[in-house]
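Remarks on the structure that follows.
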Amino acid sequence: MSDKSLTSKVSQGISRRSFIAGTSSILGAMALAVNPTPVQAKPANTSSAPIDTGAHVPALVIGTGYGGSVAALRLAQAGVDVHMIEMGMAWDTPGPDGKIFCNTLSPDQRSYWLRTRTKAPLNYFLGFPIDRDIPKYTGILDAEEMGGIIVYQGRGVGGGSLVNGGMAVTPKRENFGAVLPSVNADEMYNVYYPRANAGLGVGLVDPDWFNTVDCYQFARVGRKHAQRSNFPFVFVPDVYDWDYMKQEAAGTATKSALDGEILYGNNHGKKSLQKTYLAAAKATGKVSISPLHKVTTVTPTTGGGYTVVIEQLNTTGDTIATKTVTADRVFFAAGSVGTSKLLVKLKATGALPNLNNEIGKGWGDNGNVMCGRANHLWDPTGKLQATIPCGGIDNWAAGGAFAEVAPLPTGIETYASFYLSITKNPNRAEFSWNAATGKAELNWQTAWKQPAIDMAKTIFDKINSKEGTIYRSDLFGTNKIWGDHLTYHPLGGAVLNKATDNYGRLHGHPGLYVIDGALIPGNTSVNPFVTITALAERNIEKIIATDL
Ligand code: FAE
């Protein structure tokens with residue numbers, strides 16, 4: 001199928017007007033027009049019957065995040081029937097309060113995946129812990145504790161797109177060679193990044209509006225401090241519907257980003273995958289989704305294809321049925337951690353004995369580290385803060401850090417500037433199978449964040465010195481400056497051209513593919529989901545053309 005026909009087909013099920021042209025760099029993105037029209041598609045309805053035991057499907061996709069959604073849409077458009085298996089909930093039905101998602105400031109059972117207490121990334125304020133008890137439930141955000149790091153991930157139909165900040169950043173082209181060394185950059189920047197940006201509905205904040213509106217005062221303070229220390233401040237595209245946010249600010253639409261909604265889902269405004277790729281996939285009539293279903297085993301079937309064992313869960317996480325189905329092809333799109341954990345288990349237990357020794361390797365945290373700065377009283381950051389970040393400080397070339405100016409939407413004036421830095425941290429970890437516990441483990445060490453801290457300091461030590469300010473030490477504990485205990489951006493574990501061929505085909509087992517963040521060797525230099533989407537677009541196009 002040609003690029004042109006694929007591009008034209010993405011718009012089936014979604015208004016073509018809702019798409020804008022893609023971008024090839026952060027700076028280039030500043031020239032983008034603001035998306036004029038909100039996405040028209042309704043969230044994907046996942047109420048079709050879940051998969052039955054004994055079923056046979058031509059293509060089974062494990063996970064409904066970025067990689068899985070791209071694979072499902074493109075396979076369906078090529079005429080293939082697809083079934084997607086998702087361990088999280090559908091997130092298409094309002095709760096008793098009339099809302100699908102709960103608020104960041106008042107988390108209830110919907111907030112966390114099978115926890116009895118919240119595990120907020122920023123878990124202290126003024127030195128006091130802010131986590132609270134909640135009923136155990138298959139909530140939307142998983143804070144998965146993997147040895148020396150907590151890996152935050154979205155759970156539900158839409159994967160990470162349900163919980164993330166929507167920052168949709170294409171790496172600068174000069175950095176791409178280090179991101180995906182075996183991939184042709186010309187193809188990515190001419191074809192697949194634009195296609196991904198269009199499919200995701202990426203847009204840029206209106207700079208004039210940004211300059212005046214209360215809810216971005218925190219970002220304007222961030223810009224002022226960056227520029228006074230001679231760092232470039234760049235606007236960063238996002239998948240939030242900026243027209244909708246203007247209406248929120250004007251008081252003519254129900255508030256979402258301006259009401260603290262983000263970490264546990266946005267009820268309005270954010271163009272999650274449910275409104276873009278998954279809506280288009282459902283509109284083909286060839287894609288079904290089984291929420292609250294978790295894949296546990298994949299083995300070759302005698303005579304060809306694969307046998308897949310799936311556990312059906314209830315909302316407290318118990319297995320209520322075990323189903324066995326067969327598939328001609330299986331796409332691993334369970335996210336970097338989900339795909340890596342499955343593959344190391346399947347290799348070690350002999351279910352997929354021919355997988356190679358690269359499985360589980362090359363895992364990185366995208367160099368994530370967070371910090372806050374205490375501003376002077378004449379530099380308030382505003383008690384109303386949009387939850388959607390839209391700007392960053394670029395010191396990648398000189399200091400190895402790209403810092404997004406993040407909101408602290410507490411509803412009160414904090415005089416704090418808050419940042420998530422993506423750094424060039426070179427440390428990589430490996431998943432392995434522990435037969436005694438029956439679990440996959442990751443050997444990341446907390447101390448491996450030190451290079452990330454050092455790189456972030458190239459920005460914030462300088463700004464603090466220039467402004468006469470200090471780091472906040474009350475946000476991640478008592479007297480703790482750095483949020484070095486977590487990542488939002490897990491990448492790697494089944495690296496492209498190592499664990500797979502250069503298009504995601506797993507070595508040793510024809511018909512098995514990896515198509516998610518597990519392919520990317522640990523760092524994208526910016527926020528990762530546009531790169532995950534673009535790589536999936538590239539790989540599925542090749543797979544459809546040559547394997548089907
Ligand atoms: P992902 O979206 O994680 O989807 C995997 C899906 O597979 C999930 O829905 C899982 O529930 C499901 N799954 C896992 N195991 C199984 C199994 N065994 N059986 C069935 N289903 C399974 O994967 N990135 C950005 O670019 N910009 C941002 O602003 C940004 N902010 C973030 C904020 C937060 C709080 C978090 C958690 C992440 C953020 N990210 C951001 C990262 C981004 O969401 C992430 O890189 C992508 O979602 C990864 O996409 P994948 O397709 O690899």
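Run through the range 268-326 and list the trypsin sites (Lys or Arg not before Pro) located in a DSSP loop whose Cβ has at most 16 other Cβ atoms within 10 Å.
none
Give me the number: length gained by fully extending Asp81 to Asp379, i.e. 0.36 nm times residue separation minus the C-alpha to C-alpha distance, one decimal in nm. Write out the running numbers ahead of the final one.
Working: separation 298, 0.36 × 298 = 107.28 nm, distance 5.61 nm.
That pair, Asp81 and Asp379, stretches by 101.7 nm at full extension.
Chymotrypsin sites (Phe, Trp or Tyr not before Pro), restricted to the range 377-457: which are DSSP loop and have at most 12 other Cβ atoms within 10 Å? Spell out each step's value before the answer.
Working: sites: Trp378, Trp396, Phe402, Tyr415, Phe418, Tyr419, Phe431, Trp433, Trp444, Trp448; in loops: Trp378, Tyr415, Trp444.
Sites meeting the loop and neighbour criteria: Trp378.
Projecting the Cα atoms of Val57, Val191, Gly160 onto the charge dipole of the chain (Cβ charges, centred on the Cα centre) puts Val191 farthest toward the positive pole.
Computed from label points 7 Å out along Cα-Cβ, the spacing between Val309 and Lys99 is 4.1 nm. Charge dipole (Cα centre; +1 on Lys/Arg Cβ, -1 on Asp/Glu Cβ; no other charges) of the range 3-547 amounts to roughly 240 debye.
FRET efficiency for the pair Tyr471 and Thr349, taken as 1/(1 + (r/R0)^6) with r the Cβ-Cβ distance and R0 = 35 Å, rounds to 0.15.
Divide by every residue of the chain the summed helix terms, -39500 (n - 2.57) for each DSSP H run of at least 4, and state the resulting mean residue ellipticity at 222 nm, rounded to the nearest 500 deg cm²/dmol.
-6500 deg cm²/dmol
Computed from label points 7 Å out along Cα-Cβ, the spacing between His507 and Thr437 is 2.8 nm. The slack in the chain from Thr410 to Ala397, taken as 0.36 nm per residue of separation less the alpha-carbon distance, amounts to 1.4 nm.
Taking 0.36 nm per residue of sequence separation and removing the Cα-Cα distance, the Glu145/Asp133 pair yields an extension gain of 2.5 nm. Panel order for Ser288, Ser256, Ser340, by other beta carbons found within 10 Å of each beta carbon, from fewest to most: Ser288, Ser256, Ser340. Set the bar at 20 Å for Cα to Cα. Now go through Lys172/Lys457; Lys361/Lys449; Lys224/Lys457; Lys172/Lys275 and name every pair that lies beyond it. Lys172/Lys457; Lys172/Lys275, as the Cα separations exceed 20 Å there. Within the range 370-430, the trypsin sites (Lys or Arg not before Pro) that combine a DSSP coil assignment with at most 16 other C-beta atoms in a 10 angstrom radius are Lys383. Among rounded, prolate and oblate, which fits the range 322-466 when a ≥ b ≥ c are the square roots of the eigenvalues of its C-alpha gyration tensor, a/c under 1.5 means rounded, and a/b larger than b/c means prolate? Note, shape of the range 322-466 comes out prolate.
Using the Cβ-Cβ distance between Thr252 and Thr302 with R0 set to 56 Å, the FRET efficiency from 1/(1 + (r/R0)^6) comes to roughly 0.35. Along the axis of the charge dipole computed for the chain (Cβ charges of +1 for Lys and Arg, -1 for Asp and Glu, origin at the Cα centre), the listed residues Met245, Leu346, Gly98 are led at the positive end by Leu346.
Its alpha carbons considered, the range 3-547 gives a radius of gyration followed by a Dmax of 21.8, 73 Å.
Computing FRET efficiency as 1/(1 + (r/R0)^6) for Gln445 and Asn184, where r is the C-beta to C-beta distance and R0 is 51 Å, gives about 0.90.
Treat the count of other C-beta atoms within 10 Å as a stand-in for reagent exposure and order Ile470, Ile100, Ile62, Ile393 from fewest to most. Provide the component values of the computation, followed by the final result.
Numbers: Ile470 11, Ile100 20, Ile62 29, Ile393 26.
Result, fewest neighbours first: Ile470, Ile100, Ile393, Ile62.
Could you put Asp133, Asp454 in order, starting from the residue whose Cβ has the fewest other Cβ atoms within 10 Å?
On the way: Asp133 8, Asp454 16.
Ordered by Cβ neighbours within 10 Å, fewest first: Asp133, Asp454.
Values quoted throughout were computed directly from the atomic coordinates according to the rules given, and no laboratory measurement underlies them. Everything quoted here is computed from the prediction, not taken from an experiment. Cβ atoms come from the backbone with ideal geometry, glycine included; neighbour counts cover every protein chain shown.
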